[in-house]
Amino acid sequence: MTVAPHTRYYVGFNRVSGIGPSRLAQLIQRCGSAEAAWHATPDEMGQAGLDRKSRESLLKARQSLDLDAELARVFRAGAHVLTIEDAEYPRILAQIAAPPPLLYVRGSLSVLDEWALAVVGTRSPTTYGKEATRRIVTDLARSGLTIVSGLAVGIDGVAHQAALEAGGRTIGVLGCGVDVLYPDRNIRLAEEMLECGALLSDYPLGTRPYPSNFPPRNRIISGLTVGTLVTEAGEKSGALITVDFALEQGRDVFAVPGTIFSQKSQGVHQLIRNGAELVTCAQDILESLNLMNLRGHQEVAVALPEDPTEAALMSHLSAEPQHVDILCRTSGMSPSLVSSTLTLLELKGYARHVGNMEYVRR
């Protein structure tokens, strides 16, 4: 399988302890490329803000890691890698603070996944919670929204299964390596999801599902989506961590009210008191997100213009507003070419200017 030259270095960095998204971004900015960052001198590492322990970890990794062998492991696991530099990297995720520099993916991502909703909740739902999730997710999936969750038992599993049964797409974000399916009871569900969606993780292959892995992965669940729906959660539910990330990322939060007699609805009711939008059906969410004609939006999204320059720039536009400067950086085009191409895309109905030099895909 052909991969971009920079991919192997991102895979290598993902195996280096102490160098997270922010530090890696600083190191690449200082050195000019992922390859140059991998071969950085200790002085360059220090200038990029790496502490002594991180510098030592990188130097040790360079001596011990065979980057080509690491890539071969990924392919043997039936996975592929997306880096922050790749056009296929989810644009909506790239817009969060410190996005994961690398994603391991099994299955496939689609341009249709730009319209996605996170669905989270308790691991031990009531019959009401399961039925409410199933009913709302079924209608959302039939409307074209991709359903994103964490493949955990409980609400997560119900949401994934409902999306599949509705003929929709669904994505599972794991707190372990994509070659380590967890929990065991959802292995069959995970395998079914590979046919109509994807499993992804920013953890290296072989990473076990340690409890400390799950809260950080929730930032990816919310980051991949335009909003987060909580259908049933107690006051201390881990699902509320996803809500916190969604709010930090400027994404919408929706909540399904439950019975006042259930402790598993107390977290949801607190969300509603704090301003989350109360919803009782899929239409409430679609109307709030202005996605009542979602299928029409998606038909336009998959239709790229014939001109190669226009098509290339279109691949960097999404439903989220992006500044011209960002489009120049991600596309590699000059400001003058981006400006003239955006004008043509607007005239042809492919793009729309939303003010402040920001553009969205129509």
Query - Only listed residue being among the basic types (Lys, Arg), without any contact (Cβ under 8 Å) to a residue 24 or more places away in the chain and not in a helix (DSSP H, G or I), chosen from Arg352, Arg329 - result: Arg352
Query - Filter result (buried (at least 20 other Cβ atoms within 10 Å of the Cβ) and either over 22 Å from the mean Cα position of the chain (by Cα) or in a helix (DSSP H, G or I) (or both)) within the stretch 241-263 - result: Thr242, Val243, Phe245, Ala246, Val256, Gly258
Query - Some residue of the stretch 271-283 being part of a helix (DSSP H, G or I), touching a helix residue (DSSP H, G or I) at 6+ places or on another chain (Cβ under 7 Å), surrounded by 13 or more Cβ atoms within 10 Å (Cβ to Cβ) and in the same structural domain as Gly223 (by TED's automatic domain parsing) - result: yes
Report summary line: Restricting attention to the stretch 332-349, the residues that are surrounded by fewer than 20 Cβ atoms within 10 Å (Cβ to Cβ) and either assigned to a helix (DSSP H, G or I) or in contact (Cβ under 8 Å) with a residue 12 or more places away in the chain (or both) number exactly 12
Report task. Might you check whether a residue that is under 30 Å from Leu317 (Cα atoms), free of Cβ contacts under 8 Å to residues at least 60 places away in the same chain and of a type in the set (A, V, I, L, M, F, W, C) occurs anywhere in the stretch 1-24? Result -> yes
Requested in this report: Name the one entry in Asn213, Asn218 that is assigned to a helix (DSSP H, G or I), within 18 Å of the chain's Cα centre (by Cα) and either buried (at least 23 other Cβ atoms within 10 Å of the Cβ) or among the charged types (D, E, K, R) (or both).
Outcome: Asn218
Query raised in the report: Which ones in the stretch 164-193 are without any contact (Cβ under 8 Å) to a residue 60 or more places away in the chain, of a type in the set (D, E, K, R) and assigned to a loop (DSSP other than H, G, I, E, B)?
Result: Arg169
Report task. Test Leu205 against the criterion of being assigned to a loop (DSSP other than H, G, I, E, B), in contact (Cβ under 8 Å) with a residue 60 or more places away in the chain, surrounded by fewer than 22 Cβ atoms within 10 Å (Cβ to Cβ) and hydrophobic (A, V, I, L, M, F, W, C), and give yes or no. Result -> yes
Query - Matching entry among Leu117, Leu112 (being closer than 26 Å to Ala162 by Cβ and touching a strand residue (DSSP E or B) at 6+ places or on another chain (Cβ under 6 Å)) - result: Leu117
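The values are calculated or read from the model by the stated rules, or taken from the named source; none is laboratory data. Treat the numbers as computed from the prediction; the structure is a model and nothing was measured. A quick note on method: Cβ atoms are made from the backbone with ideal geometry, for glycine too, and the neighbour counts reach across all protein chains shown.
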